[in-house]
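Visitor: Okay, here's the structure, questions in a sec.
Just so it is clear, none of the values below were taken in a lab; they were calculated from the coordinates. Everything quoted here is computed from the prediction, not taken from an experiment. In this analysis, Cβ positions are derived from the backbone assuming ideal geometry, glycine residues included, and neighbour counts consider all displayed protein chains.
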């Protein structure tokens, strides 16, 4: 049974026609289901958990990356299948998951190609994409059998699944997270970074003073961050053009 | 600047590592490493790298400085900018013009390590 969680931004009239087309197509494909609408003062977690308790087996985030993020928070450790039906301005997840935007996504949903993705966890908070911490020089990374320290300011990224960039592409199904350290190199003509990448299962990063980490865009403050990978934790509907 | 391919470990320039590193795939060192290094895959040591460690690798391409013993099951290539102080055990060895090599070399199927002690730990006479 499907449940479609509509992002609150979709209340805007400019999405009315597209939503109607999508609902018609879902009905034609036989995958129509309950519709739940996120709202500013409504608890998304409680809303979605109620639906799962009611027998929903697939929760579809209708919106963008942030909508998917809220659905993932609510689904938690349950083995409910999650999907993204992209409408409106999109982030990176649409392309990474191989989901077309709008009505075309309905057919991909119907095909139901499900992948089990790894999920990262930092201090008990789950993330699907990455954690970013600003440039600092006062931290130590404890990998268990060895430690790494920057010799000058470096930014930290712990990545599970993100668009390819200067650090390449990391797989969300390799049962690993990647620690990416970027150490700026300054020259007269450009500012580049020396990039280090270390795959890991668990590690701890300790700072001398409080820092703010961005966990899939949400703030998390602290001095010590304990990371671990949760392999195959999330079942997601993907398209054939997925980037992994 | 090394770019990740998703299957390798890269120690960036400007980063120091202390302890026992066991890499899951290929390994690129452009920073400082102190301890031991092991990989079944390929090892590349960059020109600005400093490695004070005993090393085991499948193949190795060195353009930086190593102080320690190295065991390479396949090919070890020392590029002209490299500096090696320690014993080498390898199957195939290539030393470029200008590379610095100070230590014992053992090669071929009968090669055995000359001892596990790191050069850095040897008491000065």
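Visitor: For an R0 of 45 angstrom, estimate the FRET efficiency from the Cβ-Cβ distance between residue B:24 and residue A:1 and round to the nearest 0.05.
Guide: Rounded to the nearest 0.05, the efficiency is 0.65.
Visitor: Please give the FRET efficiency for residue A:57 paired with residue A:242, using the beta carbon to beta carbon distance and R0 = 22 Å, rounded to the nearest 0.05.
Guide: Step by step, r from the Cβ atoms, then E = 0.55.
Visitor: Report, to two decimal places, the Cα Rg of chain A normalised by 2.2 N^0.38 Å (N = number of residues).
Guide: 1.10
Visitor: Report the calculated FRET efficiency for residue B:100 and residue A:153 (r = Cβ-Cβ distance, R0 = 30 Å), to the nearest 0.05.
Guide: That gives a FRET efficiency of 0.40.
Visitor: Kindly work out what percent of the DSSP beta bridges joining two residues of the protein assembly as shown are antiparallel, to the nearest 5.
Guide: Beta bridges within the protein assembly as shown, antiparallel portion: roughly 45 percent.
Visitor: Label-point separation (nm) for residue B:38 and residue A:145, each offset 7 Å from Cα along Cα-to-Cβ?
Guide: That separation, rounded to one decimal, is 0.5 nm.
Visitor: Modelled label-to-label distance, residue A:232 and residue B:75, 7 Å Cα→beta-carbon offset: nm?
Guide: It works out to 3.9 nm between the two label points.
Visitor: In degrees from 0 to 90, rounded to the nearest 10, what is the angle of the helix A:16-29 Cα long axis to the longest principal axis of chain A?
Guide: So the helix axis and the longest Cα principal axis differ by about 70 degrees.
Visitor: Please list A:89-97, A:222-230, A:62-70, A:49-57 highest first by mean number of surrounding beta-carbon atoms within 10 Å per residue.
Guide: A:62-70, A:89-97, A:222-230, A:49-57
Visitor: Please list, by residue number, everything in region A:4-30 whose backbone N is under 18 Å from a paramagnetic label point 7 Å out along Cα→Cβ of residue A:112.
Guide: Hits in region A:4-30 for residue A:112 at 18 Å: A:4-5, A:25-30.
Visitor: Please report the relative contact order for region A:78-177, taking Cα pairs under 8 Å with a sequence separation of at least 6, and give it as a percent rounded to a whole number.
Guide: Relative CO of region A:78-177 lands at 23 percent.
Visitor: Right, something else. Mind jotting down the distance between the C-alpha centroids of region A:118-132 and region A:45-106, whole Å?
Guide: Cα centroid to Cα centroid, the span is 17 Å.
Visitor: With each pseudo-label sitting 7 Å past Cα toward Cβ, what's the residue B:16-residue A:29 distance in nm, one decimal?
Guide: Between residue B:16 and residue A:29, the label points sit 5.6 nm apart.
Visitor: Let me ask another. Would you tell me the mean number of C-beta atoms belonging to other protein chains that fall within 10 Å of each C-beta in A:137-149, as a whole number?
Guide: 4
Visitor: Please determine, in degrees from 0 to 90 and to the nearest 10, the orientation of helix A:44-53 with respect to the longest principal axis defined by the Cα atoms of chain A, where the helix direction is its Cα long axis.
Guide: 60
Visitor: Here is a further query. How far is helix A:65-75 tilted, in degrees, relative to the longest principal axis of the Cα atoms in chain A, given as a value from 0 to 90 rounded to the nearest 10?
Guide: With rounding to tens, the tilt is 80 degrees.
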